[in-house]
Every structure is written in C-alpha cells, then in structure tokens.
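Reviewing the structure listed below.
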C-alpha cells in the first residue's frame with residue numbers, strides 16, 4: 001500500500017518538478033499551475049468527506065490498538081482535516097512558487113530582449129543604425 005502511494009505521488013509530481021527522464025516536452029509553467037490547481041478541489045472534497053464522516057470509513061481501524069487515547073473516528077477526523085487543509089495548502093504554496101518563478105523568468109527574458117535590442121544593429125535599406 002505504501003509503495004502504491006509513493007509511486008502515485010511520484011507520477012503526480014513528475015510533470016510539476018520536470019523530473020528526468022522525459023517522454024515528452026516539458027510542460028510550460030502556466031500548464032503546471034493549472035495541473036496542480038486542478039487537484040486542489042478533489043483533494044479538499046475527499047479530506048472534508050473523511051473528516052466529517054459520522055462513521056469510521058475503514059472499520060479495520062476499530063480493531064487495532066489505539067494510540068494517544070483517540071478513538072478510530074477521532075483519528076479519522078484528524079486525518080481528514082490534515083488531508084483537507086494541510087495538503088490543499090501545500091498545493092497552493094507550490095502554485096505561488098511556480099507563479100514567482102514564471103514571473104521572474106518572464107522579467108529576465110524581457111530584460112535580455114531589451115539589452116539585445118540596444119546592442120544589436122538594426123538594418124534599414126542599406127545602412128546600419130544602432131537601436132536606442
């Protein structure tokens with residue numbers, strides 16, 4: 001079960017972190033942002049449903065020893081709340097970081113274009129002018 005969760009997480013985050021090897025062209029930052037944002041609602045809904053369930057969803061947990069004096073239902077409520085709030089918040093953090101990187105790269109690209117326009121000659125009808 002843990003290996004399945006780990007592999008699922010690897011497959012989910014692979015296009016976001018742009019891990020190698022790649023089978024296709026890298027996803028643009030705006031695509032990565034939309035990709036991560038698309039998973040926030042289902043994740044939040046699942047966490048909300050687990051946290052607010054009136055019954056223990058996995059009844060097996062009723063049969064195992066309890067840690068910290070919590071009932072299986074209390075443990076489930078905390079787990080659902082963590083999934084609902086913390087996991088969704090982490091995805092939003094990733095989106096904010098990607099927006100920052102995207103805007104930083106755009107700013108650098110525009111600065112390079114401006115420098116290039118001022119340092120490379122522009123040809124007009126047989127004579128050369130320096131832009132600027």
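Observations on the model:
- Helix 72-81 axis versus longest C-alpha principal axis of the chain: approximately 10°, rounded to the nearest ten.
- Pairs of alpha carbons in the chain whose separation is greater than 17 Å (percent): 74 percent
- Residue 53/residue 10 FRET efficiency (R0 35 Å; Cβ-Cβ; nearest 0.05): 0.75
- 222 nm mean residue ellipticity, helices alone, for the chain (DSSP H n ≥ 4; -39,500 (n - 2.57); rounded to 500): -21000 deg cm²/dmol
- Stretch gain in nm, segment residue 78-residue 60, where the contour uses 0.36 nm per residue and the Cα spacing is subtracted: 4.8 nm
- Sites residue 2 and residue 110 - FRET efficiency at Förster radius 30 Å, r taken between beta-carbons, to 0.05: 0.05
- Note on residue 101 and residue 23: their simple-model spin labels are 2.2 nm apart, each label 7 Å out from Cα toward Cβ.
- Fluctuation leader among 16, 115, 101 - the chain, Gaussian network, Cα springs under 10 angstrom: 115
- Those residues of region 1-33 whose amide nitrogen sits under 20 Å from the label point placed on residue 70, 7 Å along Cα→Cβ: 2
- Gaussian network model of the chain, springs between alpha carbon atoms under 10 Å - residue of 104, 58, 29 with greatest fluctuation: 58
- Region 27-120: relative contact order in percent, alpha carbon pairs under 8 Å with at least 6 residues between: 39 percent
Where a number appears in this text, it was derived from the coordinates with a stated rule and is not lab data. In this text, all values refer to a predicted model and were calculated from it rather than measured experimentally. Because the Cβ atoms are built from the backbone with ideal geometry, glycine has one as well, and the counts that use them run over all protein chains shown.
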